[in-house]
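The values are calculated or read from the model by the stated rules, or taken from the named source; none is laboratory data. Here the structure is a predicted model, which is why all the values come from computation and not from measurement. Here the Cβ positions follow ideal geometry from the backbone for every residue, glycine too, while neighbour counts run over all protein chains shown. In case anyone asks, the SASA skips ligands and DNA or RNA and just uses the protein heavy atoms, side chains included. Shrake-Rupley method; radii C 1.70, N 1.55, O 1.52, S 1.80 Å.
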Amino acid sequence: MSGNVLAPLFPQHALAALSREEWDLLFSSVRIRLEQTVAVFPPEAEPAETMIRVRADVQECVEALRKLQILMAPPRAGWRATD
């Protein structure tokens, strides 16, 4: 999937305007979702149901991270490489 698919939702000028704090918030949202996913489940939770929920949540986070990676490609292209 190319970044062009997301362009109507996230125009490049809007992405360029995102602050470092806003990028941090986007990544923190995914991290928090993962932390909630692996939180302690109640003892009565069925293992199969738990696995289905965990898998769905993780897949959602993977998709969010994939989109963030696509969105960050243009801003990252302008960053100075560090050795």
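The label point for residue 26 and the one for residue 66, both projected 7 Å from the Cα toward the Cβ, are 1.6 nm apart. Heavy-atom accessible surface of residue 24, to the nearest 10 Å², is about 80 Å², with a 1.4 Å probe and all protein chains retained.
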